[in-house]
Amino acid sequence: MDPITDIFRTMHVTAFGQHRLEATAPWGLIQDGHSEDKVTPSGKKISSTDLAHYAMLSRGNCWLSVDGIPEPIPLTGGDCFLLARGTSIILRDSPQTRPKWSFREIGARANSNVAHCGGGGAPTTIVCGSLSFDRASLKPITQLLPSFILIKADRARSLALHNTMQALASEMAERAPGSEVVANRLAEILFIQALRTHIASGPERNKGWLRAIFDPQMGTVLSAIHDRVNTPWTVESLAEAAGMSRSAFAARFKELLGQTPLEYVTEWRMQKAMLLLGQRDKKLIDVARSVGYESDAAFSKAFKRVVGANPGAYLKRGFEDRGNSEMTEDF
């Protein structure tokens, strides 16, 4: 299995705070990437590094200013973007308009998933919301998502993504039975499609985790890890798979991925274990063996070190989160 597909299959994305913004000129919104912790509908606090924010311009025109990018970016109907890792932005009808509201303020006053702001001039419609990772955001996932992805409407590969965004916008137009579930599924698809479009752009393959994936030697090793996660990997066996000496392999792996080979193996094993534990029909020893541990004691110790809770506590916390989510009203 290729590592990118494995990550897409393993992670689970939850959408919240979704709404349609109807803005009329003049208007301006600010997203401070360094603001306080966010809260999901289940009441779980998560830091900005665990979030992605998305938006699509479905009508009108506006300007997007992104922290770290010197010039404002013009947006038109069909353009969409994703933000992550605490990126600060300003979205407004004109580069000269001073932002008056925050995205949180506007989202909090949305009525039936529709929020309004502005001075009554030219209209602009934006579909937006936030995404969180339902399980621990381990390094492969956070490295896969850059701080800012812009996908223009005229990009050939973006048709499926825009169809998904339009479906999400329609789902938010009016409440219907099961709308929250449908919106979550669409948000997960949207996230994957945006990453696929971003990966296909070419230049981003030279950065971080993607650079390792497309490196002939490191890519072979990562594919082996993801394809056979229960193999008793050692630095020596991984170096042999890469066709490199142990020292050269370990140094190259750390350079590209920011962690040692065995740290990567252990973290990804725990990511897969969280997915298996969520199925609720597997014994602990079966989960342990599926990810390369011969005893549930050794597995539990590694799980607690990486996840911060033992398997039993993790399952209990997940059950309570789901219960809280079911009792929490939407915006």
>> Order these by the 10 Å Cβ neighbour count, fewest first: Val221, Val235.
In response: Val235, Val221
> In what sequence do Asp79, Asp281, Asp154, Asp215 fall when counting other Cβ within 10 Å, fewest first?
Replying inline: Asp281, Asp154, Asp215, Asp79
>> Using each residue's phi in the range 185-198, evaluate 6.51 cos²θ - 1.76 cosθ + 1.60 at θ = phi - 60° and report the 3J(HN,Hα) Karplus result to the nearest Hz, with x for Gly and Pro.
In response: 5, 5, 5, 5, 4, 4, 4, 5, 5, 5, 5, 4, 4, 5
> If you look at just the Cα atoms of the range 215-318, how large are its Rg and its Dmax in Å?
Replying inline: 14.6, 44
> Under a 5 Å amide H to amide H cut-off, with H placed in plane at 1.01 Å, what residues pair with Ser58 once short-range neighbours are removed?
Replying inline: Gly78, Thr125, Ile126, Val127
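Hey, which of these cross-link pairs are over 25 Å Cα-Cα: Lys152/Lys254; Lys283/Lys304; Lys254/Lys316?
On the way: Lys152/Lys254 34 Å; Lys283/Lys304 17 Å; Lys254/Lys316 35 Å.
Checking Cα-Cα distances, Lys152/Lys254; Lys254/Lys316 exceed 25 Å.
Loop only per DSSP, at most 13 neighbouring Cβ atoms within 10 Å: give me the GluC sites (Glu not before Pro) in the range 204-260, ordered by residue number. All intermediate terms of the calculation are to be shown ahead of the outcome.
Details: sites: Glu204, Glu236, Glu240, Glu255; in loops: none.
Hits after loop and neighbour filter: nothing returned.
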> Could you give me the ³J(HN,Hα) list for the range 220-234, computed from phi with Karplus coefficients 6.51, -1.76, 1.60 and θ = phi - 60°, whole Hz, x at Gly and Pro?
Replying inline: 4, 5, 4, 4, 5, 4, 6, 6, 9, 5, 8, 5, x, 5, 10
> Which ³J(HN,Hα) values in Hz, rounded to whole numbers, follow from the phi angles of the range 236-244 under the Karplus curve 6.51 cos²θ - 1.76 cosθ + 1.60, where θ = phi - 60° and Gly and Pro get x?
Replying inline: 5, 5, 5, 4, 5, 4, 7, x, 10
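No lab work stands behind these numbers, since they all come straight from the coordinates. Since the model is a prediction, treat every value here as computed from it, not as a measurement. Using ideal geometry, Cβ is built from the backbone for each residue, glycine included, and neighbour counts are taken over all protein chains shown.
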